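Okay, so here's the structure we're looking at.
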Amino acid sequence: MSYEVRGHGEPLLLLHGFTGAGSDWRYVFDLDALAREFQLIIPDLRGHGGSTNPSGTLTMRQCALDVLALLDQLGIEQPLAIGLSFGGNTLLHLATLRPQRVRRMVIVAATPYYPTQARKLMAAMTEETRSPAEWAEMRGRHVHGDEQIRALWRIGRGFADSYDDMNFTGPLLSTIVAPTLVVNGDHDPLYPPELSLELFRSIPDARLWIVPNAGHGPIFGEHREPFVRTALAFLHEGTRPPAAGGP
């Protein structure tokens, strides 16, 4: 498992999206500045970036187990966490498998299960239809050659027929103890806002932010600054000391 640890302070775990890599977070945060505030743990999830995938299969539950093993190796008991899409789904597994291992989390474009519209897009994830620009972008992230890239697209296509990995019920989500900020775009083509509302209603200590005029993963480009401001304010709620005269 390839990962980066940088900075000092409260541990903050950053989990990227599907076909992404840990390096993608540089497009969201000023990582140098963030590392002066937190100890950043930035892995490449199984089969992504510099991480290998010997099994040839990929589930978000397995990725959560991988991340737990990494946290154990680093001696980190209860980090803050932000997860985007695939990374957010991984956090749902982590926070239900080991509820006490997450202090607070922000999940962006995550889902309790795959809706029909997402399955249609997943089924169309073929390597043959990729443009040269898409190949170049993928080669910039994934260092183990074109077969690694083809494997990711094959796995993504297989998600269209997966019904057991992402299958969170309300009672299971109710076991999450970490305060959670649920973020999604109001025009997400994969996971509509109704699914974020299900997460919000099922996770006991949750907040919901539906970003207007935004698609899947509204944390880049024009959405970057408001996301960074809102996400960090939420994470700081659990780290700041009480105001003078407070309880």
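It is to be established whether one or more residues within region 123-134 are open to solvent by less than 30 Å² (accessible area, probe 1.4 Å) and under 30 Å from V177 (Cβ atoms).
The answer is no; no qualifying residue exists.
Would you call R224 of a type in the set (K, R) and under 24 Å from G20 (Cα atoms)?
Taking the combined requirement at face value, the residue satisfies it.
Could you list, in sequence order, the residues of region 192-202 that are surrounded by fewer than 19 Cβ atoms within 10 Å (Cβ to Cβ) and of a type in the set (A, V, I, L, M, F, W, C)?
L197
Can you find a residue in region 120-134 that is under 15 Å from the mean Cα position of the chain (by Cα) and in a loop (DSSP other than H, G, I, E, B)?
Scanning region 120-134, I find no residue that is under 15 Å from the mean Cα position of the chain (by Cα) and in a loop (DSSP other than H, G, I, E, B), so the answer is no.
Which is within 16 Å of the chain's Cα centre (by Cα) and within 29 Å of L34 (Cβ to Cβ), of L235, L173?
L235
Would you mind stating whether A231 is open to solvent by less than 60 Å² (accessible area, probe 1.4 Å), of a type in the set (G, A, S) and in a loop (DSSP other than H, G, I, E, B)?
No, not satisfied.
Keeping to region 214-227, report how many residues are at pLDDT 95 or above and either open to solvent by less than 30 Å² (accessible area, probe 1.4 Å) or touching a strand residue (DSSP E or B) at 6+ places or on another chain (Cβ under 9 Å) (or both).
Within region 214-227, residues that are at pLDDT 95 or above and either open to solvent by less than 30 Å² (accessible area, probe 1.4 Å) or touching a strand residue (DSSP E or B) at 6+ places or on another chain (Cβ under 9 Å) (or both) number 8.
Quick check on T175: is it farther than 16 Å from G87 by Cα and either in contact with a His (Cβ under 8 Å, 6 or more places away or on another chain) or in contact (Cβ under 8 Å) with a residue 40 or more places away in the chain (or both)? Spell out how you get there, then give the answer.
Numbers: farther than 16 Å from G87 by Cα: yes; either in contact with a His (Cβ under 8 Å, 6 or more places away or on another chain) or in contact (Cβ under 8 Å) with a residue 40 or more places away in the chain (or both): yes.
Yes: the conditions hold for T175.
Consider D205 carefully, then state whether it is over 16 Å from the mean Cα position of the chain (by Cα), open to solvent by less than 60 Å² (accessible area, probe 1.4 Å) and acidic (D, E).
Criteria not met by D205.
Do we have A160 as in contact (Cβ under 8 Å) with a residue 40 or more places away in the chain, part of a loop (DSSP other than H, G, I, E, B) and touching a helix residue (DSSP H, G or I) at 6+ places or on another chain (Cβ under 9 Å) here? Lay out the reasoning, then the answer.
Working: in contact (Cβ under 8 Å) with a residue 40 or more places away in the chain: yes; part of a loop (DSSP other than H, G, I, E, B): no; touching a helix residue (DSSP H, G or I) at 6+ places or on another chain (Cβ under 9 Å): yes.
No.
Please determine whether any residue of region 143-151 is in a helix (DSSP H, G or I), in contact with a strand residue (DSSP E or B) (Cβ under 6 Å, 6 or more places away or on another chain), within 19 Å of S55 (Cβ to Cβ) and open to solvent by less than 70 Å² (accessible area, probe 1.4 Å).
Going through region 143-151, the residues in a helix (DSSP H, G or I) turn out to be 146-151.
Then drop every residue that is not in contact with a strand residue (DSSP E or B) (Cβ under 6 Å, 6 or more places away or on another chain), which leaves none.
No, because not a single residue in region 143-151 is in a helix (DSSP H, G or I), in contact with a strand residue (DSSP E or B) (Cβ under 6 Å, 6 or more places away or on another chain), within 19 Å of S55 (Cβ to Cβ) and open to solvent by less than 70 Å² (accessible area, probe 1.4 Å).
Is it the case, given these coordinates, that P189 is crowded, with 20+ Cβ neighbours inside 10 Å and either aromatic (F, W, Y) or outside any helix (DSSP H, G or I) (or both)?
Taking the combined requirement at face value, the residue does not satisfy it.
The values are calculated or read from the model by the stated rules, or taken from the named source; none is laboratory data. The structure displayed is predicted, hence computed values, not measured ones. No Cβ is skipped: glycine too gets one built from the backbone with ideal geometry, and neighbour counts run over all protein chains shown. Remember, those area values only see protein heavy atoms, side chains included, never the ligands or the DNA or RNA. Shrake-Rupley method; radii C 1.70, N 1.55, O 1.52, S 1.80 Å.
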